[in-house]
Each structure stands twice: as C-alpha cells, then as structure tokens.
Amino acid sequence: MFKSKVRFRRPTADEQIVLSGMTIKLLERPQDIRKCDQILVEHHYLKSAKLVGEQLRYAVVWKGQWLAVATWSAAALHLKARDRFIGWTQEQRRQRLALVVNNSRLYVAEDCHYPNLVSRFMKLMLGRLSPDWEKLWGHPVALAESFVDPEQYRGTAYKVSGWSQLGNTRGWKRSAVDFYEKHDQPKQVWVRELVKKACVKLRAGQLPTAWVGVLSKLRARCTAKAGEITSLMRRLDREIPEFRRKQGLAYPIAGMLALIAMAVFSGVTKGYDDLAEYAATLSQGQLRALKFHLDPHTKKVRCPKRSSFAYVLTQVDSGLLEQVLLLWQEQVLGPVQDRLVILDGKKIRHADVQSVSAVSGSGRWLGSTMVKEGSNEIPAAREQLVKLEVVEKIVLADAAHTQVETVKQILYEQGGDYLLTVKKNQKDLFETLQTLFTEQPFSPSTHGAHPRSEPGEKPGTTRDPSVGLPGGHPTKGGLSGSPDDRTAQTPGSAQR
C-alpha cells in the first residue's frame with residue numbers, strides 16, 4: 001500500500017539484501033501484540049489499533065528490527081460489493097462470514113519504504129494466513145478483503161499481489177450494533193481468494209468438510225416472525241401471572257418468557273449470559289413484538305440484560321411455565337407421534353443448576369425436571385418419567401440410568417419398554433450380559449414349539465429369563481423385557 005506520491009524505483013544493493021533476508025513473524029506473545037498496537041496508534045494514519053472479532057498480527061523482521069506490521073480481523077458484516085462478488089444468500093453470509101478475513105491495518109516504517117517490500121510481505125502472509133488462522137481460531141479462511149482510502153493510497157501492493165478491486169463503499173461506518181453513521185469518505189474494496197474457487201464453495205449448498213467447523217461457532221439468532229412471537233405471548237400472558245411490581249417494568253413477563261423459550265428452542269442452553277447474547281441479536285421489530293419498552297434516551301426498544309433473565313428464571317413457577325409451553329407446542333405441532341423417549345441430563349454453566357430433560361426421537365421437547373440440591377440425575381429422571389406417557393414407547397438413556405428401580409418403573413409401573421446402556425464400570429451386570437450373549441443360548445422369550453434344556457437340567461424344566469439381569473431373582477417377580485412376562489404378571493390375570 002504506497003502513497004500516491006511515491007514513484008516506482010528499483011531497490012538498491014543494500015535494500016536488496018534486506019528484501020532477500022527479511023522474514024515475517026506471527027505475533028503471539030502479549031508484549032509483541034502490545035508493541036504492534038502501539039506502532040499503529042502512533043504512526044498509522046487511522047491512529048487506532050482496535051480490531052473486531054477473531055484476529056491475527058504479523059511483522060516483517062530483519063536482524064531483529066520490525067520493518068512493517070499488518071493486522072487481520074473479522075470481515076465486515078455487510079459489504080454489498082463483496083457479497084455480490086461471492087454470490088451468496090443473506091443466510092449463507094450470516095453462517096459463513098467467519099471464512100472471510102479483513103486486512104484491517106498495514107503499516108510500513110517511515111525509513112523502510114523499500115521497493116517490493118509490501119508485495120513480498122503480502123505474499124508471505126497470504127501463504128500462511130489460513131493455517132495460522134486455523135491453529136488459533138479452529139477454522140481456516142477462504143477469502144480476504146481490505147479497504148483502501150484513495151486519498152491516501154493507490155492500492156498498488158494489492159493489485160500486484162493478485163487482489164481484485166470491486167468498487168467503492170458507500171461511505172458508512174458501523175458505530176454500534178445495527179447503527180451506522182455516514183462519513184462521506186468512500187473506500188476502495190479489494191478482495192482475494194485464498195483457495196481455488198473460493199467464491200463457488202462459499203455459495204454452494206454445502207460447505208467443504210474442512211470448512212464446516214465455522215458453523216459450530218455460529219451464534220444462535222432469533223428467526224421468529226412477529227406473528228409467531230405473538231402466538232406464544234398470548235398463551236403466556238393468559239396463563240402466567242405477573243409476579244413483579246409493575247412500576248418500572250421495561251420487559252413484561254410474557255415477553256421475557258417468550259424470549260427465553262425461543263432461545264432454548266434455538267439451542268441456547270449455557271445460562272444467563274448466553275440468553276443475554278441471544279437477546280442482543282433481536283431486531284427492533286422482534287423486540288416490539290415482545291412488547292418491550294422504549295429507551296427514553298435512544299428512542300429504541302430496550303434489550304434485556306443478564307440480571308433481568310436471572311431474576312425471572314429464579315422467581316417464575318417452573319411447573320406452570322412447563323405446562324404452558326408444552327400445551328403451546330402441541331397447539332403448533334400437534335400431538336407427539338414418536339415412539340422414542342430419550343432422557344438426557346444437562347448441567348447449565350454459570351447458573352449452578354442441573355436438569356434432566358426428555359425429548360422425542362425427532363428432538364421435540366417433552367419436559368424437564370430439576371435435579372434437587374445434593375441429589376443426582378437418577379431420581380430426577382424417575383420424576384420426569386412419571387409425567388410422561390410411555391405405554392408402547394421405548395425409553396432410552398445413558399448408563400447412569402441403568403438401574404433396577406428405573407427399569408421397574410418403566411416396565412411394570414408405566415407399561416413402556418427400555419433400551420439402556422451398560423458400561424464396563426458396571427462390572428457384575430456387564431459380565432452377566434456378556435455371559436448370556438456368548439456362553440449360553442439366549443432368547444428374549446421361550447416358545448413351546450422349541451423346547452431347550454441346558455446340560456444337567458431335568459427335562460421339562462423351564463428357565464427364568466430374568467436370571468442374571470440387574471435385580472433379577474429365580475423366584476416369581478424377576479425382571480424381564482418379555483411382553484409375555486408382563487401379561488402373566490398383571491394383577492388379576494389368569495395363571496397358567
């Protein structure tokens with residue numbers, strides 16, 4: 001990036017020695033990062049080293065001297081020329097923007113403006129930028145962008161390094177979330193693909209496998225329409241009474257609970273801070289639909305913070321809220337048709353609480369139960385099961401719930417079936433099942449047409465299939481997964 005007054009010249013012999021021997025350094029140590037930022041604040045024409053989002057810094061080094069520095073940071077949220085160049089949709093841009101990186105600062109020391117220094121610096125950086133980015137941030141980058149002030153520079157270094165000029169910006173800058181100021185100083189927009197056919201891959205239906213990691217970093221966002229929000233709020237407003245004092249309430253209880261429900265449905269499960277971050281993604285239209293109040297100073301609808309979520313969630317009647325949400329969910333989606341009931345325990349970070357939730361095989365929420373203080377998931381799961389209809393359904397859970405009492409509840413008390421995990425740390429049970437499957441003829445039921453006798457057994461002896469199972473005994477009443485056994489043990493049924 002050269003000033004327009006500088007004319008091309010060939011490097012001198014001394015300058016060529018520097019150009020041949022210079023190296024670039026990824027700045028990782030705190031003292032190096034501070035030194036880079038200080039250089040930019042003192043000498044770069046923008047007088048700022050503030051970077052947005054994920055970022056990297058590099059320096060050109062020769063014999064311990066820093067000749068130039070550059071910074072890379074998160075791409076611009078909205079950039080019409082770039083987005084048109086890539087050809088992706090708005091949703092693709094939202095999901096994949098982390099694959100684009102911005103060359104936000106580039107500075108060469110006053111006495112180091114050697115010919116070709118910047119282009120060599122750029123070549124060396126671009127050659128290692130994506131691997132360095134992946135090492136630090138967990139994903140590669142595919143496209144680079146930068147802005148050039150035409151009143152200060154010509155963009156020659158970008159041009160000779162294979163960058164393409166797309167046009168100019170419209171002269172706006174973002175000064176806050178969803179708030180832009182016009183500065184009437186349009187910048188040139190330059191871009192460069194870091195991998196072959198990067199734009200084609202960025203707008204494709206599916207990302208390459210190596211790039212999919214960026215999607216896990218994507219922050220949850222509210223996509224609900226105003227009408228959908230209103231539907232949930234009506235039921236909440238009708239069923240959940242306001243338990244706070246009305247003086248100074250900026251966030252009505254129905255709106256707060258609707259927002260929390262939408263956040264959970266979007267996968268926000270890490271606590272109050274996570275809820276506050278999710279709320280910050282809502283548009284003014286969505287906030288108005290929740291009936292949140294205007295800020296008298298900014299004249300914009302306010303967004304709830306962490307403390308508001310913490311107060312509501314610790315004071316609301318959780319049982320009543322769960323009942324209302326399940327009824328609303330059934331109203332929108334219809335009755336549950338899935339035969340699977342999956343139990344899963346979760347510890348909510350930053351909230352110091354733990355719960356056990358039930359979901360269907362398709363992921364539909366069926367209810368949750370808090371784990372009592374000093375207790376664990378096992379009794380909470382049994383409480384949750386009591387609230388569910390599991391007749392002719394299969395209950396799935398991890399090894400922690402492979403318990404005799406849990407099985408009895410599912411099988412005998414509630415008329416369901418189960419499929420539970422057994423691990424090697426459940427030594428006796430694991431060895432018993434291993435024996436049943438490998439050393440003995442094993443069948444889930446006995447059929448009269450195929451009588452079988454073990455060596456040493458008297459002819460006509462019937463074996464109890466519950467022998468060896470957790471809690472199983474050779475006497476009447478042992479556990480078995482056989483439907484025939486359940487029928488035979490039903491109170492009042494005829495005994496054969």
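The values are calculated or read from the model by the stated rules, or taken from the named source; none is laboratory data. Please read these numbers as outputs of a predicted model, since none were measured by experiment. Glycine gets a Cβ as well: all are built from the backbone with ideal geometry, and neighbour counts include every protein chain shown. Side chains included, ligands, DNA and RNA excluded: accessible areas come from the protein's heavy atoms. Shrake-Rupley method; radii C 1.70, N 1.55, O 1.52, S 1.80 Å.
Could you list, in sequence order, the residues of segment 65-77 that are open to solvent by 10 Å² or more (accessible area, probe 1.4 Å) and over 22 Å from the mean Cα position of the chain (by Cα)?
Passing the criteria: GLN65, TRP66.
If the requirement is being closer than 28 Å to GLY345 by Cβ, surrounded by 19 or more Cβ atoms within 10 Å (Cβ to Cβ), within 20 Å of the chain's Cα centre (by Cα) and of a type outside the set (Phe, Trp, Tyr), which of these qualifies: LEU236, LEU232, LEU218, LEU259?
LEU259
I need a count of the residues in segment 399-429 that are exposed (fewer than 14 other Cβ atoms within 10 Å of the Cβ) and touching a strand residue (DSSP E or B) at 6+ places or on another chain (Cβ under 6 Å).
Number satisfying all stated conditions: 1.
Looking at (1) open to solvent by 20 Å² or more (accessible area, probe 1.4 Å); (2) closer than 22 Å to ALA279 by Cβ; (3) in contact (Cβ under 8 Å) with a residue 40 or more places away in the chain; (4) not aliphatic (A, V, I, L, M), which is the only condition LYS225 fails?
Evaluating LYS225 over (1) open to solvent by 20 Å² or more (accessible area, probe 1.4 Å); (2) closer than 22 Å to ALA279 by Cβ; (3) in contact (Cβ under 8 Å) with a residue 40 or more places away in the chain; (4) not aliphatic (A, V, I, L, M) leaves (3) as the failure.
Name every residue in segment 399-438 that is more than 26 Å from ALA358 (Cβ to Cβ), outside any loop (DSSP other than H, G, I, E, B) and among the basic types (Lys, Arg), in order of residue number.
Residue satisfying the conditions is LYS427 alone.
Check GLU373, GLU322, GLU330 and return the single one that is more than 17 Å from ILE394 (Cα to Cα), open to solvent by 60 Å² or more (accessible area, probe 1.4 Å), not small (Gly, Ala, Ser) and not in a loop (DSSP other than H, G, I, E, B).
Checking each option against the conditions leaves just GLU330.
From the list VAL60, VAL100, which one is in contact with a Phe, Trp or Tyr (Cβ under 7 Å, 6 or more places away or on another chain), in contact (Cβ under 8 Å) with a residue 40 or more places away in the chain and β-branched (Val, Ile, Thr)?
Going through VAL60, VAL100 in turn, just one is in contact with a Phe, Trp or Tyr (Cβ under 7 Å, 6 or more places away or on another chain), in contact (Cβ under 8 Å) with a residue 40 or more places away in the chain and β-branched (Val, Ile, Thr): VAL60.
Could you tell me which residue of segment 376-398 is most open to solvent (accessible area, probe 1.4 Å), considering only residues that are β-branched (Val, Ile, Thr) and part of a loop (DSSP other than H, G, I, E, B)?
VAL391
Can you tell which of TYR251, TYR272 is under 22 Å from the mean Cα position of the chain (by Cα) and surrounded by 13 or more Cβ atoms within 10 Å (Cβ to Cβ)?
Unique residue meeting the criteria: TYR272.
Please go through segment 343-370 and give me each residue that is open to solvent by less than 50 Å² (accessible area, probe 1.4 Å), over 19 Å from ASP317 (Cα atoms) and touching a residue at least 24 places away in the same chain (Cβ under 8 Å), ordered by number.
LEU343, GLY345, ALA358, SER360, ARG364
May I ask you to list the residues in segment 185-209 that are open to solvent by less than 70 Å² (accessible area, probe 1.4 Å), farther than 20 Å from MET122 by Cα and among the hydrophobic types (A, V, I, L, M, F, W, C)?
CYS199, LEU202, ALA204, LEU207
Cβ-Cβ under 9 Å, sequence separation 6+ or interchain: first residue in segment 103-119 and more than 14 Å from TYR158 (Cα to Cα), partner part of a strand (DSSP E or B) and open to solvent by 30 Å² or more (accessible area, probe 1.4 Å). Which pairs?
These pairs meet every condition: ALA109/GLN65; ALA109/TRP66; CYS112/TRP62; CYS112/GLN65; CYS112/TRP66; HIS113/LYS3.
So that you can scan it fast, the table gives a plain yes or no per residue for (1) out of contact with any Ser or Thr (no Cβ under 9 Å at 6 or more places or on another chain); (2) of a type in the set (Lys, Arg); (3) not in a helix (DSSP H, G or I):
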{"position": "ARG219", "(1), (2), (3)": "no, yes, yes"}
{"position": "CYS222", "(1), (2), (3)": "no, no, yes"}
{"position": "ARG245", "(1), (2), (3)": "yes, yes, yes"}
{"position": "LEU259", "(1), (2), (3)": "yes, no, no"}
{"position": "ALA263", "(1), (2), (3)": "no, no, no"}
{"position": "VAL268", "(1), (2), (3)": "yes, no, yes"}
{"position": "ARG288", "(1), (2), (3)": "yes, yes, no"}
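Here's the yes/no breakdown for (1) closer than 23 Å to LEU126 by Cα; (2) of a type outside the set (A, V, I, L, M, F, W, C):
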{"residue": "THR23", "(1), (2)": "yes, yes"}
{"residue": "LEU27", "(1), (2)": "yes, no"}
{"residue": "GLN38", "(1), (2)": "no, yes"}
{"residue": "LEU46", "(1), (2)": "no, no"}
{"residue": "ALA49", "(1), (2)": "yes, no"}
{"residue": "VAL60", "(1), (2)": "yes, no"}
{"residue": "ALA74", "(1), (2)": "yes, no"}
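Out of curiosity, is THR281 among the polar types (S, T, N, Q) and open to solvent by 80 Å² or more (accessible area, probe 1.4 Å)?
No: the conditions fail for THR281.
Counting just the residues of segment 1-60 that are modelled with pLDDT of 90 or more, among the polar types (S, T, N, Q) and more than 30 Å from the chain's Cα centre (by Cα), which one comes out farthest from ASN116 (Cα to Cα)?
GLN31
Can you tell me which residues in segment 363-394 are closer than 14 Å to LYS346 by Cα, aliphatic (A, V, I, L, M) and modelled with pLDDT of 90 or more?
Those that are closer than 14 Å to LYS346 by Cα, aliphatic (A, V, I, L, M) and modelled with pLDDT of 90 or more: ILE378, ALA380, ALA381.
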